[in-house]
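Encoded as C-alpha cells, the structure appears first; notes follow it.
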Amino acid sequence: MMNLLLSFSLLTLTLASPSHTNHDAHAILHVPRALPTTGLHIGLNKPLLTGYSLTWQEEFTYPSTTLKQPSTSKWLYDIGKSYPGGPANWGQNELQTYTKAVENIRITPEGTLLIVPRKKSNGVWTSSRIETVRKDFKAQRGGKVFVEARVKTGCAYAEKQQGIWNAFWAMGSSFRGNYQNWPFASEWDILEVINGQNTIHNVLHCGVAPGGSCNEFIGLGNGGRTWTKCQWHYIGFEVDRTQVTAGGVELWRQNTLTWYVDGVRTHQVTGRDVNDYETWSQIAYQGHFLLLNVAVGGDWPGSPNEKTVDGAGVRLEVDYVRVWNR
C-alpha cells in the first residue's frame, strides 16, 4: 500500500497502449497538492492511462490511531433498508440491512477496505454500502474519464456464497435525492460478481423501465466474463467523448463506454447502441458518484441458503479507487 503525504509535482507515464494509439507516448501530470505516488505507475490498467491526470483517489491508508473506517470527508454511508423515500429493500428485494458498524466495514492495517456481510443469530443479515461524497465524476466534452480500482472478492467456494452480491458501480448525479429516478439517471455497473461465480458482469442501465434504450430490467451487459475470486484484479471503466469534428460538433453516437479487467477490454457500449440523445446525455455527460457494497439476496442472485457463510469468506476487499481525466 501507499504511504500518504509524499508530495509530488510531476508524474511521467511512459507505457503506450496498443488500443489507444492516439495517446501521447509520454504524459506529464501536474498535481497542485500533496498526494501519495507509490503505485500510481503500476497495474495492468496503466498502459490505458497515458495522458491522464489524477482527479481523485482513495487509497484507504489512514493513520491506525485515528480512522479505522472510510473517511466521511470522502464517503457517505448508506444505512438501513432503503434510501429516504426510495424503494424498499434497495429496489432489488435485498435482504440485508446496511450499517456503518466496524464489524461490517473497516480499514485493515495493510491499508485495504473490507466490506463484510454478517448473519446474526436471529437470521438477520447486515452488510455495508458506501458512496462517494463527490458526484461530479465525468468526461468533459472532447475528453475522457477513467475510473479504476484494485479489488478482490471472497474466497469461499461458490456453494457457500449463494446470495452474495459484490458490486463496484456508479449512479448519475440526478439520482441523489431523487431516489425514484432509476434507470433514467443512468447506472454504470463496473463490477458485479454474484454467488461466488468465476464471472464478472459489466452492465449499463439507462432510460426507462421496462424496455427502453437499455433493455430494462436487464440492461446492456456483456453476459459475463472470466473472473477469479480470491485474487486481486485491476478494474477499469472509461467514458470517451473525444469524437468531435474540426468544427466543434460532438459526434455523440461515436462516444464510447468501455469496461476493462486487468487491462483487457471486456465490454463496450456506444452512443449508437443507445440511439437516444437525451438518454445518452444522462449516461455520458452528467456527473456520477461511485459506490461499493456487498448485498445479500436480491432479485438477481437469489436468496442465501443453508450453506451460505458470512464473514471473511464472502467479503469484498478494495485496495484503492482512483478517478483520472484527460
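Nothing in this text is a laboratory measurement; each read-out follows from the coordinates by a stated rule. Computed from a predicted structure; not experimentally measured. Neighbour counts run over all protein chains shown; Cβ positions are idealised from the backbone, glycine included.
Hydrodynamic estimate: the Kirkwood radius of the range 192-236 over Cα pairs, inserted into Stokes-Einstein at 4 °C and 1.567 mPa s, corresponds to D of 111 µm²/s. Here is the size of the range 99-174 from its Cα atoms: Rg then Dmax, 16.1, 54 Å. Under a 5 Å amide H cut-off, with hydrogens placed 1.01 Å from N, Tyr320 pairs with Arg150 among residues at least 5 apart or on other chains.
As a quick test, which of the pairs Lys74/Lys138; Lys74/Lys135; Lys100/Lys160; Lys74/Lys120; Lys68/Lys160; Lys46/Lys100 have an alpha carbon distance above 21 angstrom in this structure? Each step should come with its number before you reach the end.
Working: Lys74/Lys138 17 Å; Lys74/Lys135 11 Å; Lys100/Lys160 25 Å; Lys74/Lys120 29 Å; Lys68/Lys160 28 Å; Lys46/Lys100 33 Å.
Pairs exceeding 21 Å: Lys100/Lys160; Lys74/Lys120; Lys68/Lys160; Lys46/Lys100.
Built from the Cα atoms of the range 236-326, the convex hull projects on average onto 8.8 nm², one quarter of its surface area. Relative contact order of the chain: 24 percent, from C-alpha pairs under 8 Å at least 6 residues apart in sequence. In terms of its Cα atoms, the range 56-325 spans 64, 42, 37 Å along the principal axes, sorted from long to short. The string of couplings for the range 307-315 from the Karplus curve (6.51, -1.76, 1.60, θ = phi - 60°) is 8, 5, 9, 10, x, 4, x, 10, 7 Hz, one whole number per residue in order, with x for Gly and Pro. Distance between the modelled labels on Asn178 and Lys100, one decimal in nanometres: 2.6 nm (7 Å Cα→Cβ projection).
For the range 106-245, take N as its residue count and report Rg(C-alpha) divided by 2.2 N^0.38 Å.
Numbers: Rg = 16.9 Å, N = 140, 2.2 N^0.38 = 14.4 Å.
In units of the 2.2 N^0.38 Å rule of thumb, it is 1.18.
Is the C-alpha gyration tensor of the range 31-164 telling us rounded, prolate or oblate? Criteria: a/c under 1.5 is rounded; beyond that, a/b larger than b/c is prolate, otherwise oblate.
Note, shape of the range 31-164 comes out prolate.
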